[in-house]
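Scroll down for the structure; my scribbles are underneath it.
Read-outs throughout are calculated quantities, based only on the coordinates presented, and are distinct from any laboratory measurement. Only a predicted model underlies this, so the values are computations on that prediction, with no experimental measurement involved. Note: ideal-geometry Cβ built from the backbone for every residue, glycine included; neighbour counts use all protein chains shown.
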Amino acid sequence: MLAWTHNGEIFRQSKLAGRPIRVRHVLDWSQDDRYVLATETVLAGLELFRTYGLVGRRWQEAGGASLTTYYMGACVRSFRPVYEQWFRDQSQSTVMGNVSLEDELTYLDLADEEAIDPHRAAAIQDQVRRALAALSDQQLRNGLVRRALGYTQREAAASVGLSEKAMERRLSRIRHKLRTLGLDDQAGGQ
């Protein structure tokens, strides 16, 4: 697991297992970061393996996969939630360190790696930057940046001091305003 976090293989393995990472991929981790991620992943994988493989009796000696293979599969499947939580924690500590949330977007991979070419991803990122700059509601802007960083709607809203519903209502008003002004086509109708 340490080697896979070092060379990025864990992202590929996670994607192959049907669990692609939805937030940016960070490969310039410190050794401590890799140890934390590997340890948390191995522990989460152990719980998953115990729950489904042993207690749930999904792993069987004659079933084809060795014990090691089944366990490593559980670790791979456990990586995404571990990484996404780690990433949110890192993003929060960055924000607390007075780095603006918009600066975080500089390194954010907003596009699905398979669905979009790099030029289109850069154009989308530029469009998001300009849209965020046009928002006068600082809470909504920070909440939307957190959504782009991989936070859930509930987590993003709570982190900026709003309820999930309040953030939804504010976003709805902005979308309605864009539609009224005829600007929603520039943002892909969103």
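Using only the Cα atoms of the range 139-179, build the gyration tensor, take square roots of its eigenvalues as a ≥ b ≥ c, and label the shape rounded, prolate or oblate: rounded if a/c is under 1.5, else prolate if a/b is larger than b/c, else oblate. Walk me through the numbers before you get to the answer.
Working: a/c = 2.27, a/b = 1.57, b/c = 1.45.
Prolate.
Using the Karplus curve 6.51 cos²θ - 1.76 cosθ + 1.60 with θ = phi - 60°, work out ³J(HN,Hα) for each residue of the range 136-143 in order, rounded to whole Hz, and write x for Gly and Pro.
Each residue's phi maps through the Karplus curve to give 8, 7, 4, 4, 5, 4, 5, x Hz.
How many nm separate the modelled label positions at D32 and Q127, each set 7 Å beyond the Cα in the direction of the Cβ?
Here the modelled spin labels are 4.0 nm apart.
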